[in-house]
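Worksheet: the structure to be examined is printed underneath.
The values are calculated or read from the model by the stated rules, or taken from the named source; none is laboratory data. Everything numeric here is computed off the predicted structure, so don't read it as measured data. Cβ atoms come from the backbone with ideal geometry, glycine included; neighbour counts cover every protein chain shown. Calculation scope for accessible area: heavy atoms of the full protein, side chains included, ligands and nucleic acids excluded. Shrake-Rupley method; radii C 1.70, N 1.55, O 1.52, S 1.80 Å.
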Amino acid sequence: MSQQSNSLSQLALQKFKKDFWGVFSLGFIVFVGVISIFAYVIAPDNSQYANQMHLSIHSKKPGFTVQMLTIPQETEMEDSFFSSIFFGKKIQDTEIPITSYSIQNNTVTFTEYASDGLEGMTKTIDMNGLSESDLISNKTFLFGTDKYGRDLLSRTLVGARISFFIGFIAVFISLVIGIFMGSVAGYFGGRVDAIIMWFINVSWSIPTLLLVIAITLALGKGFWQVFIAVGLTMWVEVARVVRGQVMGVKEMQYVTAARALGFNDFRIITKHILPNIMAPVIVISAANFAAAILIESGLSFLGIGAQPPMASWGAMIKDHYNYIILGKPYLALIPGFCIMSLVMAFMLMGNALRDALDVKS
C-alpha cells in the first residue's frame, strides 16, 4: 500500500484554499493589480494622469451624459505603444461640452455647456473635411466628474496604481532591511544585538507618520520619495519578528549540525535558518501592505504625497472631503471605499495566511 505524503507548503496551500475570504481577498488583490497596470487601457480618459478637465461640467453626479465636441489638433503628437499603455497619452485634441449644435456649409455652430442655469456661448468652427461623427459624440461619466470636471472613474482607476505599488515597494524595502538587521542581531547576539536593538527601539519610538513626513521632506516631495520613505519606516517590525524567530531557531539541532559540518555563518543564516522562519514574515508582510496603503493615503491627504496632477486616492479625498456636507458625498466616498476595500483584502489574506501557516493547528 502506497501512501502519498504532502510537504508542509502543500498542506498550507490546501488549507489556504479552504478559506473563502482568503481566496476571495487574493483574487481581489490580483484584480486590483491588473487594473493598476493597465489602467490607461481600461480608463475612459486615457490622457496622462486622467487629467483632461472640463470645468463647465464639474461635480456632476454618476451617470452624467453630455454631448462632446472634439476639435483635433493640426499637429499630431505621436506616442509610443509602450508609453500610451503604461503612462497614458498626451492630450492632443480639445474637448468642449456642448448643449446643442447645427451643421451648415461645412461649419459647426454649437452652444457650450454651462452649469448652474447659465447660458453658454455660441461659436462656429470649420469642419475641415471631418464628418459629424468625428466631431460630435455622447460621453457618459459613470462615476461622475470631480470639481475640475475630470472623469472620476478614470482618476480612480489610475489612482489605484500608486496605492497598489507603494505596498510592493515599501514591503520590499522593509523586508531587505528588516531581515538583514533581525537575522544578524538574533544570530550573533551580544554587543551586535544590543547595537541593532538600540537602532530599532529609537526608530520604534518615533511616530510612523511623523517619521515618514521627516523622510519625505528630506528627500523631497514626489512619487518615488514617498515609496522610499514608507519602506524605511516599516523595517523595524520585520526586524523584531525575524530577530525573535532566529533566536529561537539557532539552537536547533540542524543548525548545530550545520556548524559541525563547517558551514559559514552566511550559509547557515540564508540556507538553514531563514527558510524555516518565513511563515511569520509572510504574515507581517501582508499587514505591512495594508499599512503602507494607509500611510500613503494619509500623506497624499496632507499634501506631501503624490503631487498634482498625479491621481491618488488620498489626494482625491483631500480635494473633495468638504463635498460631503454639500450634498455630493460620492466624490470622497468612492476613493475612500477603494482604500477600505484594498486594505481589508490585505488584512483578510494575512489572517488566512496566518491560519494556513500555523503548524500547531
Do we find that residue 345 is under 17 Å from the mean Cα position of the chain (by Cα) and either buried (at least 19 other Cβ atoms within 10 Å of the Cβ) or part of a helix (DSSP H, G or I) (or both) in this structure? yes
Out of everything in the range 141-152 that is open to solvent by less than 10 Å² (accessible area, probe 1.4 Å) and not charged (D, E, K, R), what residue ends up being nearest to the chain's Cα centre (by Cα)? 152
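Within the range 216-225, can one find any residue that is of a type in the set (A, V, I, L, M), open to solvent by 50 Å² or more (accessible area, probe 1.4 Å), out of contact with any strand residue (DSSP E or B) (no Cβ under 6 Å at 6 or more places or on another chain) and outside any helix (DSSP H, G or I)?
No: zero hits.
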Mind checking which residues of the range 226-235 are of a type in the set (A, V, I, L, M, F, W, C) and either open to solvent by 10 Å² or more (accessible area, probe 1.4 Å) or part of a loop (DSSP other than H, G, I, E, B) (or both)? 228, 232, 234, 235
Is there a residue in the range 310-321 that is surrounded by fewer than 16 Cβ atoms within 10 Å (Cβ to Cβ) and outside any helix (DSSP H, G or I)? no
Identify all residues within the range 241-298 that are open to solvent by 80 Å² or more (accessible area, probe 1.4 Å) and not in a helix (DSSP H, G or I); write none if there are none. 251, 252, 261, 264
Considering the range 48-65 alone, what residues qualify as being under 19 Å from the mean Cα position of the chain (by Cα) and hydroxyl-bearing (Ser, Thr, Tyr)? 49
Which residue is surrounded by the fewest Cβ atoms within 10 Å (Cβ to Cβ), if the candidates are limited to the range 95-140 and must be of a type in the set (S, T, N, Q) and in a loop (DSSP other than H, G, I, E, B)? 105
Tell me, please, whether a residue that is open to solvent by 40 Å² or more (accessible area, probe 1.4 Å), without any contact (Cβ under 8 Å) to a residue 60 or more places away in the chain, in contact with a helix residue (DSSP H, G or I) (Cβ under 7 Å, 6 or more places away or on another chain) and over 24 Å from residue 344 (Cα atoms) can be found in the range 187-204. yes
Here are 80, 36: which of them is surrounded by 12 or more Cβ atoms within 10 Å (Cβ to Cβ) and either without any contact (Cβ under 8 Å) to a residue 40 or more places away in the chain or among the hydroxyl-bearing types (Ser, Thr, Tyr) (or both)? 36
Can you say whether residue 49 is in contact with a Pro (Cβ under 8 Å, 6 or more places away or on another chain) and either under 25 Å from residue 324 (Cα atoms) or not in a loop (DSSP other than H, G, I, E, B) (or both), as far as the supplied structure shows? yes
Can you tell me which residues in the range 198-215 are β-branched (Val, Ile, Thr) and part of a helix (DSSP H, G or I)? 200, 202, 208, 212, 213, 215
I need every pair where a residue in the range 294-322 that is more than 20 Å from residue 53 (Cβ to Cβ) has its Cβ under 6 Å from the Cβ of a residue that is of a type in the set (Asp, Glu), sequence separation at least 6 or different chains. 305/296
Residues of the range 232-261 that turn out to be among the charged types (D, E, K, R) and in contact with a Ser or Thr (Cβ under 8 Å, 6 or more places away or on another chain), as a count: 2
Out of curiosity, is residue 155 open to solvent by less than 20 Å² (accessible area, probe 1.4 Å) and under 22 Å from the mean Cα position of the chain (by Cα)? yes
